[in-house]
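Structure first, then comments.
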Amino acid sequence: MCGIIGVVSGIDFKVSFLLERLKRLEYRGYDSYGYSDSRKTVKSLGAIKAEGLSLTRIGIAHTRWSTHGGVTRANAHPHESCNGEVIIAHNGIIENYWELKTILERQGHKFRSETDSEVVAHYFEEKIKQGKGVKKAISDFLKEVSGTFAILMMIKGEDKIYAIKRDSPLVLGICEGKKAGAKQIQKHILASDIYAFSDITDKAVFFENDEFAVVEAGAYEFYDAKGSLIKKKVQSFEWNQEEGKKKDYKHFMIKEIEEEPLVVSRMLLSLDHEQKDQFKKLVSLVKKSRKIIFAACGTSYHASLLGAFYLHTTGIEAQTLIASEFKHYANVDKDTLVIAISQSGETMDVIDALKYAQEKKATIVSLVNVPYSTIQRMSALSLNILAGQEVAVASTKAFVNQSVLLLRLAQEFGYKVNLSNLGEKIKGIFSQKDDIKRIAKQVSSSRDAYVLGRGQTYPVAREIALKVKEITYMHAEGMMGGELKHGTIALIDKGTPVISLIGCNDEDMVSNTKEVEARGAEIITITNNASQCRGSAKNTVFIDTDNDGKFGILACVAGQLLAYYVAEALGREIDKPRNLAKSVTVK
Ligand code: M6R
């Protein structure tokens, strides 16, 4: 988590430019932020204010998601060494920080924060004091320090930024500058991801693990861990800037839900055109492999559960594991196809699971939304889910596209589903917004909610409950309809909202719903069975579709809207819920 940014320019720029760039990374963490132009360091709590008229040619900034140490100004980055000569911003975790801190304290260094990151500043001050050149000190750092890091470092008096990477994402953006006489001045931007600068350049150099760079206004050099110069490729990337804007919507989340019909068609179309070859390769890898294991977290995990369900239905051996437990439960070998699912492509637990799978010689495929991300670059084959930039922390359109891609894959193996009208079907749910809002108002007065599903709607029940928890702060549990009577039913009380996902002919779900209704639960039904909508069924969202794999995905869209309107009724901070971050780059 955390976002870092550094800018070096041949001409003056306003500090507000640095902070505008940082604001584009705010979704990575938003507890506190700070910047330094190498003369002064400023830190604040809360949302980034992209202000600052003072001019500079160099600066680093950081937006924090706290790991070591609470949300305080002292713990905000950048951190300075004792003599203020070394200024750093860090994303990641220095695992042996305590050991390093103890040594540095013995050498007389005084620490001002509770963070693991501050050791980096003191470490380099000490090495420089010992007469080491910075590049040599970085090589030592890469040997002596364990953990994950993307670090930007300025040394007072030098117009350069040193950038070091291991396991946390880092990229260099190259901006063509204005002509000054015959000389073209370039601005270089170092950042956690390309979104920080994708509105001003489409050229980037990606750092690999244990590489570092020395970046100046008109030049940059990359080095390996030993300090030997290395050649790096400048890559051009495409990114749609429009999707990152909120326009007239109240929140990014509702804008992103409303984009679903569009992004779903775009992705399906790409599987027949631009991504046709990759898709064919994916199909052939699935055919060749003895078994499929998905690795994912959070919402992406729920999409992978759906994927496992669809593939299983066609007779393919498929399972999914939450990435942080992957190595404890997965039996992986060279005949296993591991499919990583990740919106950001940067989730540390998924990266770790893939490293484990690599060691076991499994083939790695990924479905990601952010191109050029670490997970994409670790994969033998990667497909883009093309959901477009997702800004709201609660993932919505990415879930839809991940699930639809997996459904499309299952179709190749005989799963019967008509995907051509999916966009229209999603719009059909939008037309019931008023009803959903009315139901949401009712739910918003409760402390708990339960979501029940079976088969294809079990993952969806979990996903809807996750959405409710994330953005409303209500307690919500998504569970298998069948499992309810084995304990959780004890929690059902008069008026407890239970959202029941009932597919056509799913008599078992009907019974499970009756069981909780008999105990006083307030039932909300999301169903494609018209008969469930008759008579007393006042709280019903009707999904006009067959019982094919689309039903679960469409039910989820209804659940996303329901969660959104509950959060709105409660006046929550919908796009940036407390304690969360969009990209989870720590274990
Ligand atoms: O970027 P990823 O898809 O790998 O992220 C995984 C989870 O962190 C993510 O889905 C998280 O659960 C979302 N906030 C859910 O809305």
SER284 meets each of (1) more than 13 Å from the ligand (Cβ to nearest atom); (2) polar (S, T, N, Q); (3) touching a residue at least 60 places away in the same chain (Cβ under 8 Å) with one exception, condition (3)
Can you tell which of ILE364, ILE439 is over 28 Å from ALA196 (Cβ atoms) and in contact with a strand residue (DSSP E or B) (Cβ under 6 Å, 6 or more places away or on another chain)?
-> ILE439
From the list VAL365, VAL404, which one is within 16 Å of the ligand (Cβ to nearest atom), touching a residue at least 60 places away in the same chain (Cβ under 8 Å), closer than 30 Å to ASP333 by Cα and part of a helix (DSSP H, G or I)?
-> VAL404
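Select, from ILE351, ILE385, ILE339, the only residue that is aliphatic (A, V, I, L, M) and away from the ligand (no atom under 11 Å from the Cβ).
Among ILE351, ILE385, ILE339, only ILE339 is aliphatic (A, V, I, L, M) and away from the ligand (no atom under 11 Å from the Cβ).
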Among the candidates PHE222, PHE206, PHE237, which residue alone is under 19 Å from ALA150 (Cβ atoms), surrounded by 12 or more Cβ atoms within 10 Å (Cβ to Cβ) and at pLDDT 95 or above?
-> PHE222
Write out, first by first residue and then by second, each pair whose Cβ atoms fall under 9 Å of each other, whose residues are 6+ apart or on separate chains, and whose first residue, in segment 222-239, is among the hydroxyl-bearing types (Ser, Thr, Tyr) while the second is part of a loop (DSSP other than H, G, I, E, B).
-> SER236/ASP202
Residue among LYS110, LYS156 that alone is charged (D, E, K, R) and touching a residue at least 40 places away in the same chain (Cβ under 8 Å) | LYS156
Residues being more than 18 Å from the chain's Cα centre (by Cα) and outside any helix (DSSP H, G or I): count how many of those fall in segment 260-304.
-> 8
Determine if segment 305-322 includes at least one residue that is of a type in the set (D, E, K, R), in the same structural domain as ASN369 (by TED's automatic domain parsing) and within 16 Å of the ligand (Cβ to nearest atom).
-> no
Pick from segment 137-160, criterion closer than 20 Å to ALA196 by Cβ and over 27 Å from the mean Cα position of the chain (by Cα), ranking: surrounded by the most Cβ atoms within 10 Å (Cβ to Cβ) | MET154
Output for Cβ contacts, cut-off 6 Å, separation at least six or different chains, first residue touching a residue at least 12 places away in the same chain (Cβ under 8 Å) and more than 12 Å from the ligand (Cβ to nearest atom) in segment 558-587, second in a helix (DSSP H, G or I) and of a type in the set (Gly, Ala, Ser), reads LEU562/ALA440; TYR565/ALA440; VAL566/ALA440; ALA569/ALA440
Across segment 447-496, what is the number of residues that are assigned to a helix (DSSP H, G or I), of a type in the set (Gly, Ala, Ser) and more than 16 Å from the ligand (Cβ to nearest atom)?
-> 3
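Restricting to segment 400-421, name every residue that is surrounded by fewer than 23 Cβ atoms within 10 Å (Cβ to Cβ) and under 20 Å from ILE257 (Cβ atoms). Walk me through how you get there before you give the answer.
Taking segment 400-421 and keeping what is surrounded by fewer than 23 Cβ atoms within 10 Å (Cβ to Cβ), we get 408, 411-421.
Hits for segment 400-421 are LEU419, ASN421.
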Residue within segment 290-297 that is charged (D, E, K, R), away from the ligand (no atom under 16 Å from the Cβ) and within 18 Å of SER379 (Cα to Cα) present = yes
Select from segment 422-446 the residues that are surrounded by 16 or more Cβ atoms within 10 Å (Cβ to Cβ) and in a loop (DSSP other than H, G, I, E, B) and list them in ascending order.
-> GLN432, SER444, SER446
Could you say whether any residue in segment 340-353 is among the small types (Gly, Ala, Ser), surrounded by fewer than 22 Cβ atoms within 10 Å (Cβ to Cβ) and outside any helix (DSSP H, G or I)?
-> no
Test result for LEU466, in the same structural domain as GLY549 (by TED's automatic domain parsing), modelled with pLDDT of 95 or more and surrounded by 24 or more Cβ atoms within 10 Å (Cβ to Cβ) | no
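The values are calculated or read from the model by the stated rules, or taken from the named source; none is laboratory data. Bear in mind that the values here come from a model prediction, so they are computed numbers and not experimental data. Cβ coordinates were reconstructed from backbone atoms using ideal geometry, including for glycine residues, and neighbour counts include every protein chain displayed.
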